[in-house]
1. When the range 149-175 is examined, which residues are found to be over 13 Å from VAL127 (Cβ atoms), outside any strand (DSSP E or B) and of a type outside the set (Asp, Glu)?
2. Considering each residue of the range 84-102, count those that are surrounded by 15 or more Cβ atoms within 10 Å (Cβ to Cβ), in a loop (DSSP other than H, G, I, E, B) and not aromatic (Phe, Trp, Tyr), and give that number.
3. Against the condition under 18 Å from ILE61 (Cα atoms) and either of a type in the set (Gly, Ala, Ser) or not in a loop (DSSP other than H, G, I, E, B) (or both), how does VAL79 come out, does it pass?
4. Among the numbered conditions (1) within 20 Å of MET180 (Cα to Cα); (2) in a loop (DSSP other than H, G, I, E, B), tell me where ARG105 comes up short.
5. What is the one condition in (1) without any contact (Cβ under 8 Å) to a residue 60 or more places away in the chain; (2) more than 22 Å from LEU42 (Cα to Cα); (3) among the hydrophobic types (A, V, I, L, M, F, W, C) that VAL129 does not satisfy?
6. Within the range 179-189, is even one residue part of a strand (DSSP E or B), more than 16 Å from VAL129 (Cβ to Cβ) and of a type outside the set (D, E, K, R)?
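Derivation of every value follows stated rules applied to the coordinates shown; laboratory data play no part. Worth saying up front: this structure is predicted, and the values here are computed from it rather than measured. Counting neighbours? That spans all protein chains shown, and the Cβs are built from the backbone with ideal geometry, glycine included.
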Amino acid sequence: MPPERKSGPIEETRTWILPAILGLVLGVLGSVGVIELRPQMLVSPQEPMQKSQPFSTPFRIDNTGYLSFNIAHAFCYIVNIDTGRIHFKNESIHFLEWDNVDLNRNEGGTILPRYLHGLMPQSADIVLVVDYAPFRHFPLGTFRKYFRFKGIYTDNWRWTRTPLAGIEDEVKRKIDSHLMVIKKMPDRAN
């Protein structure tokens, strides 16, 4: 008669540990890769073309990411510009030359806000708004970035980057209503 086996807890093999750890590591690396490969842009003021003219300052849009992306639209939203005699508030300006522009890696271009040329403001607060997508006709629509600048006069006029500070919804409403008007218009000549 064969010896009797003792019944006790069966040792579980730990075959699940290696795949779980490997899956976790690959998931983290994939997430970091997706974040790092998303479109990245920088908008910054350049030197003014005329020292006495604040609105002769070009703003440069640069692709600082690894992949190209498409700029669907670019706008300037005027939060507040006060010249003492003339006051602008809550206005949007569409830069048509930036509609559907592809920016490859390390490429850029400038926006020149010529709309107020000749005015010397006492104060200025603007937001440059860029609607973009990874490529033209991206099926999920566009994304939006906001870059706010305030004008400061010391010995000459200078634009400095400032936080949005709660005006994002106001800017979004104005830009979205502007885009709705454009969509209702008949096709414009290119």
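1. Correct list: THR154, ASN156.
2. 1
3. Considered against the rule, which asks whether it is under 18 Å from ILE61 (Cα atoms) and either of a type in the set (Gly, Ala, Ser) or not in a loop (DSSP other than H, G, I, E, B) (or both), VAL79 comes out as no.
4. Every listed condition holds for ARG105 apart from (1).
5. Of the numbered conditions (1) without any contact (Cβ under 8 Å) to a residue 60 or more places away in the chain; (2) more than 22 Å from LEU42 (Cα to Cα); (3) among the hydrophobic types (A, V, I, L, M, F, W, C), the odd one out for VAL129 is (2).
6. No, the range 179-189 contains no residue that is part of a strand (DSSP E or B), more than 16 Å from VAL129 (Cβ to Cβ) and of a type outside the set (D, E, K, R).
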